[in-house]
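Visitor: Please read through the structure below; I'll follow up with questions.
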Amino acid sequence: MRWWDLEPVMELEHLLFPDDAWSRGMFWSELADARHPAATRHYVVAEKDGRLVGYAGLAAVAGTGDVQTIAAARDQWGTGLGGRLLRELLHQATSFECHEVLLEVRVDNIRAQRLYERFGFEPIGFRRGYYQPGNVDALVMRLGDLTADTREAPGLQGTETTHG
């Protein structure tokens, strides 16, 4: 993801997460730590037919990765794009030498929870009122094994990737 991707990312962000969308400043802050030798962030976008259809981001600090965000356009649901985005983040987590990856997911987002479970993430706790302003709880999930077969192949096959 690069600065010129922010406009379509923001459009998709507000469509998918109208109540708790990230601000432009939040994305800028993340991107500021994504493209230098000591970077701790990795952000990627997916395009199809010249249209941004998804994005994802990972933070990595002291051997722990944290999925910051992952989103796929609604017309891409069921196409495997979410899995390809997650696979790319997990591949990058191994490059960052992470020994585990954590994430938070809304307790009411069963679709995303199932995706994470397919990749081996397990629930480890809750963060009460994490998503604001709706005061929605987050389920915290952890993946401790970054070597499973589902994480071996990097990239977003079947979708053009740009500005990783």
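The values are calculated or read from the model by the stated rules, or taken from the named source; none is laboratory data. Remember, predicted model here, so these are calculated numbers, not experimental data. Cβ sites come from the backbone with ideal geometry, for glycine too, and all protein chains shown count toward neighbours. Accessible surface areas use protein heavy atoms only, side chains included; no ligands, DNA or RNA. Shrake-Rupley method; radii C 1.70, N 1.55, O 1.52, S 1.80 Å.
Visitor: Looking only at the range 77-108, count how many residues are open to solvent by 50 Å² or more (accessible area, probe 1.4 Å) and either touching a residue at least 40 places away in the same chain (Cβ under 8 Å) or over 14 Å from the mean Cα position of the chain (by Cα) (or both).
Guide: So the answer is 12.
Visitor: Can you tell me how many residues in the range 90-126 are among the hydrophobic types (A, V, I, L, M, F, W, C), out of contact with any Asp or Glu (no Cβ under 8 Å at 6 or more places or on another chain) and more than 12 Å from L143 (Cα to Cα)?
Guide: Of the residues in the range 90-126, the ones among the hydrophobic types (A, V, I, L, M, F, W, C) are 90, 93, 96, 98, 101-103, 105, 107, 110, 112, 115, 119, 121, 124, 126.
Adding the requirement that they be out of contact with any Asp or Glu (no Cβ under 8 Å at 6 or more places or on another chain) leaves 90, 93, 96, 98, 105, 110, 112, 115, 119, 121, 124.
Narrowing the set further to residues that are more than 12 Å from L143 (Cα to Cα) leaves 96, 105, 110, 112, 115.
Summing the residues that are among the hydrophobic types (A, V, I, L, M, F, W, C), out of contact with any Asp or Glu (no Cβ under 8 Å at 6 or more places or on another chain) and more than 12 Å from L143 (Cα to Cα) in the range 90-126 gives 5.
Visitor: Another one. What do you reckon, is G65 in contact (Cβ under 8 Å) with a residue 60 or more places away in the chain, in a strand (DSSP E or B) and not hydrophobic (A, V, I, L, M, F, W, C)?
Guide: Answer is no for this residue.
Visitor: Additional query: Of the residues that make up the range 69-76, is at least one among the basic types (K, R) and either open to solvent by less than 10 Å² (accessible area, probe 1.4 Å) or free of Cβ contacts under 8 Å to residues at least 40 places away in the same chain (or both)?
Guide: No.
Visitor: Kindly provide the set of residues from the range 68-101 that are at positive phi and in a helix (DSSP H, G or I), ordered by number.
Guide: Hits for the range 68-101: nothing passes.
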